[in-house]
Amino acid sequence: MTQACHRKCVPPHYKDAELSKGESVCLDRCVAKYLEVHERMGKKLTELSLQDEELLKRVQQGTGTA
């Protein structure tokens with residue numbers, strides 16, 4: 001995330017010691033998007049894991065279809 005957002009928002013040759021307003025806004029948005037996607041992926045992976053566990057239980061009980 002750090003490298004991706006830095007590459008996207010901060011030019012490779014620094015002109016000032018401090019971030020400009022535009023660079024700061026870009027970094028804030030980039031980090032927010034990254035965290036939102038990370039959270040969504042975590043929820044989806046948890047959901048899929050629970051589905052896999054349920055399917056495995058059904059198969060082990062002999063009531064599921066393989």
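The values are calculated or read from the model by the stated rules, or taken from the named source; none is laboratory data. Computed from a prediction, not measured in an experiment: that's the story for all the values here. Backbone-built Cβ (ideal geometry, glycine too); neighbour counts: all protein chains shown. Only protein heavy atoms, including side chains, enter the accessible area calculation; ligands, DNA and RNA are left aside. Shrake-Rupley method; radii C 1.70, N 1.55, O 1.52, S 1.80 Å.
Here are a few things to note about the model shown:
- The residue that is surrounded by the fewest Cβ atoms within 10 Å (Cβ to Cβ), among those in the range 10-66 that are more than 20 Å from the chain's Cα centre (by Cα) and among the β-branched types (Val, Ile, Thr), is Thr65.
- Whenever a residue of the range 7-32 is in contact (Cβ under 8 Å) with a residue 24 or more places away in the chain, its partners that are open to solvent by 100 Å² or more (accessible area, probe 1.4 Å) and of a type outside the set (A, V, I, L, M), lying with C-beta atoms within less than 6 angstrom and at least six residues away or across chains, give the pairs Cys30/Lys8.
- Flag if Gly42 is among the small types (Gly, Ala, Ser), without any contact (Cβ under 8 Å) to a residue 12 or more places away in the chain and on the phi > 0 side of the Ramachandran plot: no
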